[in-house]
Amino acid sequence: MATIVQKYGGTSVGNPERIKNVARRVLETQRAGNRVVVVVSAMSGVTDNLIRLAREVSEEPLEREMDVLLATGEQTTIALTAMAIEAMGGKAASCTGGQAGIVTDGVHTKARISSISPDEVNRLLDDGHVVVVAGFQGVTSGGRITTLGRGGSDLTAIALAAAIKADVCQIYTDVDGVYTADPRLVPDARKIPVISYEEMLEMASSGSKVMQSRSVEFANKYGVPFEVRNSMNQNPGTLVTRETMNMESVVIRGVSLEKDQAKITIAALPDRPGNAARVFSAIGSAHLNIDMIVQNTGRDGEARISFTLHKNDLKKAREVLEEAVRGIGERVEILATDGIAKVSAVGIGMRSHSGVAATMFKALGDAGINIDMISTSEIKIAVIVDEKSQENAIRVVHQAFRLHEAPLV
Ligand code: ADP
Ligand code: ASP
Ligand code: MG
C-alpha cells in the first residue's frame, strides 16, 4: 500500500464545487488502495483578503497576530474538505498544522520548520482516514501559531511527505505543470516534463511562483521528488527530481519574471573594510530579503553598492540603512528606485555552454529594452529592466532561446 501526499492550492479549492472535486479525486486515490494525506491552502483570495483586513485596523499589524489571522484561511478549507469527503461516503479527519505535529521557530509570518512529529497523522492513516492537513502553518514549541511564508502550503506538503516517508508527493494547481515560462505571460510556453531541483529552485526564487522556493529547497535537501499537476484534469505533469545525465543537453530550461522590484544604491561609501558588512548586517537583522548585489569602487576611494529587493520592503530598508550608515562618511547617499523588474534565464546546461549571456543581451537590445543591472550564477543569468517593458522582455528572451519549440528532455 503506497502513501501519497496531495497538495491542492487556492484555486483548486476556490469554491464549494472545487472542494467537492478535490474530495472526489482524493477518494479515488484512496479507493485505488493508497493511504492519502491531503494538504490544502486557503480558498483563493482569502489570504489576501485577511491581509487587507488587518491593514484596515492597523498600519503595522503585529506579525504574531497576523499568523493567528492568516492560519484561519487554511483552517476553513480543512474543515470543508473533510466534510465533503465524509458527505461522499469517505472517512476523513482534519488537522491544523500543530495537530499534524509541525513545529517551527518563532519567526512569525516566515517561520522555518524545526521538526515534524507525524504520530497523529500516521495513527489516523492507520485507522483508514484521509488526513486533511492545513497548509502554510505550524506552531512553536511554546504553542504559538506561525505561518511559513506566502505559498507555504507547498512546503507543508513536501515536509510532511518527507516526515511520513510518502511514496509520492503531488502538488496540484491550476496549470498542467511547470512551464518554460508563466503560461499566462508567454502564451507559447511549453510544459517541462522533468526538471532538476536546482533549476526549479532558481526559477521559483526568481519569480516562477508555481512553487514556493523554500519548499523546493527542502525537497532538494531531503531528496523528496515531487510532481506538479493540474487539479482539473488527469494530464501528466512535471516531475521535479535530482539532476540526471541528459539534463545538461538543454541549455535554458525556463525563464522567469519577478515583478515589483526596487533598487537601493548607497553612493559615496568610504572604501574601507567593514562598511559592506555594516550595511548588510543591518539589512539581515531586519529580515529583509535582497538580491543582485553589485559594488563598484571608483578611483576616489569611494564605493557604490546597489542591490535589489521587493518594492514593499523599500521603506523599511531605507530606514534601517539610514541608521546603519550614520557617521560613516559625510557624502554617503542612499538612493531608492522602484518600477523595475527582474527577468532570469535558468538552465543547468549553461555550465557547459558558452554564449548564453550574449544571446540574452542581444535579444533584449534588438527589442530596444535597456538593461539596468546584470547578475549571473552558474545556472542563471538575471537582468533588471524597466517594468514598462517587463512582459515584452520575458517573451523576447523566451523566443531567443527558442523555448517555444525546443525539444524538452
Ligand atoms: P496554487 O494556488 O495552486 O499554489 P499558484 O498561483 O501559487 O497556485 O501557482 C500557480 C501559478 O503559477 C499559475 O497559475 C501560473 O500563472 C504561475 N506560474 C508562474 N510561473 C510559472 C511557470 N514557469 N510554470 C507554470 N506556472 C507558472
Ligand atoms: N494561503 C497561503 C498563501 O496564499 C499559503 C498557500 O496558498 O500556499 O500564500
Ligand atoms: Mg502556490
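The values are calculated or read from the model by the stated rules, or taken from the named source; none is laboratory data. Values in this document were obtained by computation on a predicted structure and should not be read as measured data. Here Cβ is always computed from backbone atoms with ideal geometry, including for glycine, and neighbour counts include all displayed protein chains.
Table: residues versus (1) out of contact with any strand residue (DSSP E or B) (no Cβ under 7 Å at 6 or more places or on another chain); (2) at pLDDT below 95; (3) surrounded by fewer than 20 Cβ atoms within 10 Å (Cβ to Cβ).
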site: Met83; (1), (2), (3): yes, no, yes
site: Glu86; (1), (2), (3): no, no, yes
site: Ala92; (1), (2), (3): no, no, no
site: Thr104; (1), (2), (3): no, no, no
site: Lys110; (1), (2), (3): yes, yes, yes
site: Gly128; (1), (2), (3): yes, no, yes
site: Thr140; (1), (2), (3): no, no, yes
site: Gly151; (1), (2), (3): yes, no, no
site: Thr156; (1), (2), (3): no, no, no
The range 149-165 - residue that is among the β-branched types (Val, Ile, Thr) and within 12 Å of ligand 2 (Cβ to nearest atom) and, of those, farthest from Asp48 (Cα to Cα): Ile158
Residues satisfying the stated conditions in the range 171-186, i.e. touching a Ser or Thr at 6+ places or on another chain (Cβ under 9 Å) and either within 16 Å of ligand 2 (Cβ to nearest atom) or over 15 Å from Glu405 (Cβ atoms) (or both): Ile171, Tyr172, Thr173, Asp174, Asp176, Gly177, Val178, Asp182
Going through (1) farther than 19 Å from Gly254 by Cα; (2) within 13 Å of ligand 3 (Cβ to nearest atom) one by one, Ser208 fails only at (1)
Could you please find all residues in the range 227-280 being in contact with a Ser or Thr (Cβ under 7 Å, 6 or more places away or on another chain), within 16 Å of ligand 1 (Cβ to nearest atom) and hydroxyl-bearing (Ser, Thr, Tyr)? Ser231, Ser256
Candidates Arg299, Arg331, Arg318, Arg272, filtered to the one that is of a type in the set (Lys, Arg) and outside any loop (DSSP other than H, G, I, E, B): Arg318
Residue within the range 54-62 that is in a helix (DSSP H, G or I), within 16 Å of ligand 1 (Cβ to nearest atom), within 24 Å of Asp105 (Cα to Cα) and of a type outside the set (Asp, Glu) present: no
Counting only residues that are part of a helix (DSSP H, G or I) and surrounded by fewer than 19 Cβ atoms within 10 Å (Cβ to Cβ), which one in the range 226-257 is modelled with the lowest pLDDT? Met245
Considering (1) of a type in the set (Gly, Ala, Ser); (2) over 30 Å from Ser375 (Cα atoms); (3) assigned to a helix (DSSP H, G or I), say which one Gly143 fails and leave the rest. (3)
Any chance the range 35-52 includes a residue that's outside any loop (DSSP other than H, G, I, E, B) and farther than 20 Å from Leu148 by Cα? yes
